[in-house]
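Below: one structure, written as structure tokens.
Each value in this text was obtained by applying a stated rule to the coordinates, not by laboratory testing. Note that the coordinates shown come from a computational prediction; the quantities given were computed from them, not determined experimentally. Note that each Cβ is placed from the backbone with ideal geometry, even for glycine, and that neighbours are counted across all protein chains shown.
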Amino acid sequence: MKKTPRTSAAIIAASCLAVFGINAIPAASAADVVTITLGASVPLTGSLAKEGLLTKEGYQFCQEKVNALSTATIGGKQKKIEIVFQDDTSKPDLAAQNLSKFNDKGIKLILSSYGSANVNAQAAVVELNKQTMVDSGGADDAIFNKGYTRTFNVMSPASEYATSMVRAIAEMAKPKPVTMAFLSADDGFSKTVTAGGMKAATALGFTVIGPQYFPNATSDVSAALNKIKADKPDVILGSVHFVEGVAMIKQAKELGITPKSFAETVAPPILDFASTLGPLAENVLGSSQWSSTVKGQEKYFGKASNYASEFLARFGHEATYHNAEASAACLAMVLAIEKTKSADAEKIKTALAALDVQSFFGRIKFDSTGQNTFKPMVVIQIQKGKIITVWPRSIAQAKMIWPYVK
Amino acid sequence: MDTFLQVTAYGLLQGGLLALVAVGFSLVWGIMNIVNLSHGAFVILGAYIAWEIQGWLGLDPFLGMFISAAVLFCVGYIFQRFLINLIVNGPVFITLLLTFGINMILIQGMNLFFTADFRSIQTSYGSNSFEVGNIRIPLVRLLAFLLAIVITFALVAFVKHTRTGISIMATGMDRGAARLMGIRARHVYALTFGISAALAGMAGTMIATIETFDPSKAGKFTLMAFVVAVLGGLGNMYGALVGGLLMGLVQGWAGQYLSGTWVNAIAFLVLIIVLVFRPNGLVGKAFYAARVEI
């Protein structure tokens, strides 16, 4: 056969198809997928490593669920999300720097770090870089009083942490206690928590003692306890992180301080609290952003109980509220992406501002400052080593045990 | 008055814990002129070892601390003999860098191996206390305080009355002369570092019994040991004890009579004041600054 230029071209084309054709099929498939990258700078080392890891798990769980279940498309292509993680070593300056690094790589959609100090530093950078951030780890009201428009917090504000426990005690404790002493770490978040709690306690008719402050992250709160010992308060309410929370319970026993109840923020809902303190943790009240009895559901995680069981199967430990709030932040971002059908930070910012959804995390809706003031906190109590929801009554798993300190 | 006595008693006991953490750090700095920035990591490693021993064998921490000390002695000896000795003649900045590097590796290693979960050794008597008059004395803190005193006096007796101890002191004073006397300086240095690590292991066990720990606490204990060693002064085995007790008292009184926020500021203010009037620390000896380094 005489080879003409047209025949040669056909042979070359056929050869190319034979060689590359098989690989072309998945390539075409991959071309039907659009991957949207989210940046997450979280503390994987340093003093917040524990909470940072829980936050990372929550984000990862969200990524896996969304990529497995999503049918949403963007520009006719199937949407996938990819979360890029960076360790900020629990330091606010690095947490902020990491966002600028993301920005340099064109990553405009951000999931926050853990801790109010970290998120406070990040919020300013997000504004500067015109990124959009959903916050799962910084609840201090001070972050949202600066006029920022690009940070949205799925959690109830810091001022609700102690307030929820004060309300629960006022509503459920029989006989009703009279005096309530406030002890607090001296960081911004804890002070906001304390101010909110004291205001609520005064309004509900309790005699308020304190506040007594101690250095943030200290393992010695004996001075603050000694100062209130003579007042013999009925309730000691601690605005604390994990280490101070454990120290408060242990040192109160050492010093012979026996109120009718201990109530603490942040520490009791962490699984290590009960395992670290053993019997001393029994019946301590705690405020939590989430529990597995919270009402509401959506398409990715279903109900809170579904989230809890599937998370346990995936990670081998019970979901804490730190896990849930991280997944909820990621969920809010995903829903905004689906609403706008784009990865444009400006459009997603607008969609987040208008978001209103009932989810496994409760209602997610943001007020004009970017805070989720529409979701109530949950009060838990350690009962027989388990974290049990006791307030609000509508989602309580058991009655509050009161009084309990002998 | 009762409140003052309570705060004073608690401050002293807390000071004993600080002294326990600092005594090994002070020993290495005083003898080898090495500021061991990985000391806090050794304390935390000791806490994990005691915690694991209790988990595996159910051994009480007051027995487990000897195993923890033995393991850390070996770790410390090996680190000094095969690593730090390589640069022991170099500028102090190099030893700082090396021990900082060891610190980072140990912390990250513990993060990976033990996770960042908060831990604590639980005992049936962990938060027990007893009353003396109207003052509550926490049992485990008292035992840790007594341990700090026993260790300090034992260390003094060791360096004064044993051949090994005397060779450690001799090497610290004049390494060249010590070598001429037949002392193997490298072995003596490794021995000293091993003892320091063992003491860190005991301190870590007490920390784990009294409070919570996780790898991120290492930096706090290194800083604490540094401040207490400087306050008490180097070159005197009682320095860490004196510095620790003073720091514990200052922190207790500051917390009681000022806002809690001022505790750290007042503690460091006291450090500055002491150094202004006694640059070698409360009981430090100046001759260590003029020792011969060969």
Next on the checklist: Taking the 0 to 90 degree range and rounding to the nearest ten, how far is the long axis of helix B:92-114 tilted relative to the main principal axis of chain B, both from C-alpha atoms?
Outcome noted: 50 degrees
Checklist outcome for this item: Taking every other residue with Cβ under 9 Å from the Cβ of A:K365 and scoring Lys and Arg +1, Asp and Glu -1, one gets 0
Checklist entry - Which links in A:K80/A:K299; A:K91/A:K365; A:K146/A:K349 stretch past 20 Å when you go from one Cα to the other? => result A:K91/A:K365
Next on the checklist: Quick check: net charge around A:I209, other residues with Cβ under 13 Å of its Cβ, Lys/Arg +1 and Asp/Glu -1?
Outcome noted: +1
Next on the checklist: Cut-off is 10 Å between beta-carbons; in what order do B:W262, A:W290, A:W391 appear when sorted fewest neighbours first?
Outcome noted: B:W262, A:W391, A:W290
Checklist entry - Taking Cα pairs under 8 Å and at least six residues apart, what relative contact order does the stretch A:123-206 come out at, in percent? => result 30 percent
Checklist outcome for this item: Partner lysines whose C-alpha sits under 17 Å from that of A:K386, ignoring same-chain residues fewer than 8 away, are A:K399
Checklist outcome for this item: Here the Kirkwood hydrodynamic radius of the protein assembly as shown, Cα-based and in Å, equals 27.6 Å
Next on the checklist: Counting other beta carbons within 10 Å of each residue's own, what order do A:D104, A:D135, A:D231 fall into, fewest first?
Outcome noted: A:D104, A:D231, A:D135
Next on the checklist: Counting only helical runs of four or more DSSP H residues, what would the 222 nm mean residue ellipticity of chain A come to if each run contributes -39,500 (n - 2.57) and the total is spread over all its residues?
Outcome noted: -14000 deg cm²/dmol
Checklist entry - With each label point set 7 Å from Cα along the Cα-Cβ vector, what nm distance links B:L112 and B:W56? => result 2.0 nm
Checklist outcome for this item: For A:V379, the net charge from surrounding residues (Cβ-Cβ under 13 Å; K, R +1; D, E -1) works out to 0
Checklist entry - What percent does the relative contact order of chain B come to when contacts are Cα pairs within less than 8 Å and at least six residues apart? => result 38 percent
Checklist entry - Between B:R163 and A:A354, what FRET efficiency follows from the Cβ-Cβ distance if R0 is 51 Å, with the result rounded to 0.05? => result 0.05
Item to check | Inter-site label distance for B:I87 and A:N306 at 7 Å from Cα along Cβ, in nm | outcome: 5.6 nm
Checklist entry - Kyte-Doolittle mean at least 1.0 and Cα extent at least 15 Å along the axis: which DSSP H helices of chain A qualify? => result A:5-31
Item to check | Footprinting exposure proxy for A:D367, A:D140 (fewest neighbouring C-beta atoms within 10 Å first) | outcome: A:D367, A:D140
Checklist entry - Can you pull the mean other chain C-beta count within 10 Å for peptide B:210-218? => result 6
Checklist entry - About its Cα centre, how strong a charge dipole does the stretch A:342-389 have in debye, to the nearest 20, once Lys and Arg get +1 and Asp and Glu get -1 at the Cβ? => result 340 debye
Checklist entry - Of A:K260/A:K375; A:K105/A:K341; A:K77/A:K295; A:K295/A:K347; B:K160/B:K285; A:K191/A:K384, which ones are farther than 27 Å apart at the Cα? => result A:K260/A:K375; A:K77/A:K295; A:K295/A:K347; A:K191/A:K384
Checklist outcome for this item: Treating only Lys and Arg (+1) and Asp and Glu (-1) as charged, each at its beta carbon, one finds that the stretch A:167-246 has a dipole about its Cα centre, in Debye to the nearest 20, of 320 debye
Checklist entry - Mind checking which aspartates and glutamates have their C-alpha under 18 Å from A:K174, skipping anything on the same chain fewer than 8 residues away? => result A:D234
Checklist outcome for this item: For A:K232, counting only aspartates and glutamates whose alpha-carbon sits under 17 Å away and dropping same-chain residues fewer than eight positions off, the answer is A:E254, B:D2
Checklist entry - Thinking of the stretch B:151-201 as a set of Cα atoms, what percent of all their pairs are more than 15 Å apart? => result 45 percent
Next on the checklist: Just to confirm the number: angle between the C-alpha axis of helix B:218-232 and the first principal axis of chain B, 0 to 90 degrees, nearest 10?
Outcome noted: 80 degrees
Item to check | Peptides ranked, highest mean first, by Cβ atoms within 10 Å: ranges A:331-341, A:291-301 | outcome: A:331-341, A:291-301
Next on the checklist: Need one value for A:46-54: mean number of C-beta atoms belonging to other chains within 10 Å of its residues' C-beta atoms.
Outcome noted: 4
Checklist entry - Under the definition of Cα pairs under 8 Å and six or more residues apart, what whole-number percent is the relative contact order of chain A? => result 16 percent
Checklist entry - Arranged from highest to lowest average of other beta-carbon atoms within 10 Å per residue, in what order do the peptides A:67-76, A:344-353 appear? => result A:344-353, A:67-76
Checklist entry - Say R0 is 35 Å: what FRET efficiency, to the nearest 0.05, do A:Q397 and A:D231 get from their beta-carbon distance? => result 0.60
Checklist outcome for this item: For the pair A:L128 and A:T258, the simple spin-label estimate (label points 7 Å beyond Cα toward Cβ) gives in nm 5.5 nm
Item to check | Neighbouring partner chain Cβ atoms per residue of A:250-257, average, 10 Å criterion | outcome: 6
